[in-house]
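Enquirer: Take a look at this one; I'll ask things after.
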């Protein structure tokens, strides 16, 4: 498809672009493990022949460290992130932005070993360089500690016949120019998401699809020949939860367990706090006392209702995008969350875990922070446990699924920032923007996070009306 059907590729959104750039940043930082090398990278993504020739020239010139060294053997191209000469032998390093070595990384290395050795290069070892998730930044980045290295040369050698067989199969396929008939399945998303899912799933109904059900159930149904929910026979064996979803999809009726909802709401005490974090997860730790991919809260929104019919108050915090936001966020949180009253979150485990991490980071505030966690109530519970189920939830109980059904006048899709990933990206971008753009994006971030907590206010009001 990349060869003959590139126009059918899914559009690349800002989030995907950001992930790719983050991977590039990790690769460039890893060069500090072997400084002073020469760069054989091509001028653009489709000019690798230039890179191959540059690599040959660097080797002839006696260079001992080459970045993005490219080799080609019988029409198969590979590029090595870092290639190091020691004596007469070469050591190859493939950099990954993950925190462990995965099976697909070993296959990548096996292909690189196949191409480079068949080009006549004496490759003594090939290793995966990956992020060490136990590294805690303290001051300047220590790249020697940030990265871990694991040799996979033995595994790569063991896969050489497999690689050769795959290459021959791919060559035959490309010569034929016909798209092979490969049905959709879990392989479309594992180990990576396919770039052509919009095209390959186009035969599936946009509404009434079996993919509104949990993945495992949906794929079993698909394998049995079903595509639409209304095609599933009544006697098809399904879990109780899926059967409930299917029943209400067919009838259009809403299920309400008033007794359970009433029992859930009864212990709530005023003042009520509606609280939500936004976080970033940088692979390369940006701040002291943080690890690769640690969740760093940079923003919160808080709506407060002092008594049942009191006017709402709103408080918020948003970091500047440059400094570590955690200490200022912590002080602001403690100032506004008080010491009594229920704190409502949606999917509370996320907020509670961030608060526990703040308590560990700032032990002087541990008592106050852990006391906050004792007051947290998860507003997701009535929907996750299906005490309230609407067929338009389509099996989901995320706030993005629940809100537009219960409160249609509140909509995320009218906001410039519509979900947490977009918020994280917008925050990271603040450090690169001009003043006008910074001001605009900060307002957009505050509007989005405020929507999350206002949504909880309205959902609670709705549940109270349901049982009244």
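The values are calculated or read from the model by the stated rules, or taken from the named source; none is laboratory data. Everything numeric here is computed off the predicted structure, so don't read it as measured data. No Cβ is skipped: glycine too gets one built from the backbone with ideal geometry, and neighbour counts run over all protein chains shown.
Enquirer: Just to be sure I understand, how many residues within the stretch 77-100 are touching a helix residue (DSSP H, G or I) at 6+ places or on another chain (Cβ under 6 Å) and surrounded by fewer than 16 Cβ atoms within 10 Å (Cβ to Cβ)?
Expert: Matching residues across the stretch 77-100 total 1.
Enquirer: If I go through the stretch 214-252 residue by residue, how many of them are part of a loop (DSSP other than H, G, I, E, B) and closer than 18 Å to residue 385 by Cβ?
Expert: 2
Enquirer: Still on this structure, please answer the following. Assess whether residue 184 counts as being modelled with pLDDT of 95 or more, within 23 Å of residue 7 (Cβ to Cβ) and out of contact with any strand residue (DSSP E or B) (no Cβ under 8 Å at 6 or more places or on another chain).
Expert: yes
Enquirer: Also: Is there a residue in the stretch 4-20 that is surrounded by 13 or more Cβ atoms within 10 Å (Cβ to Cβ), over 25 Å from the mean Cα position of the chain (by Cα), in the same structural domain as residue 85 (by TED's automatic domain parsing) and part of a loop (DSSP other than H, G, I, E, B)?
Expert: For the stretch 4-20, residues surrounded by 13 or more Cβ atoms within 10 Å (Cβ to Cβ), over 25 Å from the mean Cα position of the chain (by Cα), in the same structural domain as residue 85 (by TED's automatic domain parsing) and part of a loop (DSSP other than H, G, I, E, B): absent.
Enquirer: Which one is surrounded by the most Cβ atoms within 10 Å (Cβ to Cβ), of the residues in the stretch 442-457 that are touching a helix residue (DSSP H, G or I) at 6+ places or on another chain (Cβ under 9 Å) and more than 23 Å from residue 259 (Cβ to Cβ)?
Expert: Here the residue is 445.
Enquirer: Considering only the stretch 129-142, state which residues are surrounded by fewer than 16 Cβ atoms within 10 Å (Cβ to Cβ) and closer than 26 Å to residue 70 by Cα.
Expert: Those that are surrounded by fewer than 16 Cβ atoms within 10 Å (Cβ to Cβ) and closer than 26 Å to residue 70 by Cα: none in the stretch 129-142.
Enquirer: Looking only at the stretch 40-63, which residues are touching a residue at least 24 places away in the same chain (Cβ under 8 Å) and either exposed (fewer than 14 other Cβ atoms within 10 Å of the Cβ) or part of a loop (DSSP other than H, G, I, E, B) (or both)?
Expert: 40, 41, 42, 63
Enquirer: Checking the conditions here, which among 361, 410 is in the same structural domain as residue 313 (by TED's automatic domain parsing) and more than 19 Å from residue 297 (Cα to Cα)?
Expert: 410
Enquirer: Answer with yes or no whether residue 365 is more than 25 Å from residue 457 (Cα to Cα), without any contact (Cβ under 8 Å) to a residue 40 or more places away in the chain, in contact with a helix residue (DSSP H, G or I) (Cβ under 7 Å, 6 or more places away or on another chain) and surrounded by 17 or more Cβ atoms within 10 Å (Cβ to Cβ).
Expert: In short, yes.
Enquirer: Output the number of residues of the stretch 117-128 satisfying the condition of being in contact (Cβ under 8 Å) with a residue 40 or more places away in the chain and either buried (at least 23 other Cβ atoms within 10 Å of the Cβ) or outside the structural domain of residue 97 (by TED's automatic domain parsing) (or both).
Expert: 0
Enquirer: Among the candidates 215, 235, 208, which residue alone is surrounded by fewer than 16 Cβ atoms within 10 Å (Cβ to Cβ), without any contact (Cβ under 8 Å) to a residue 60 or more places away in the chain and in contact with a strand residue (DSSP E or B) (Cβ under 9 Å, 6 or more places away or on another chain)?
Expert: Answer to the check: 208.
Enquirer: Across the stretch 393-434, what is the number of residues that are closer than 30 Å to residue 250 by Cβ and buried (at least 18 other Cβ atoms within 10 Å of the Cβ)?
Expert: 7
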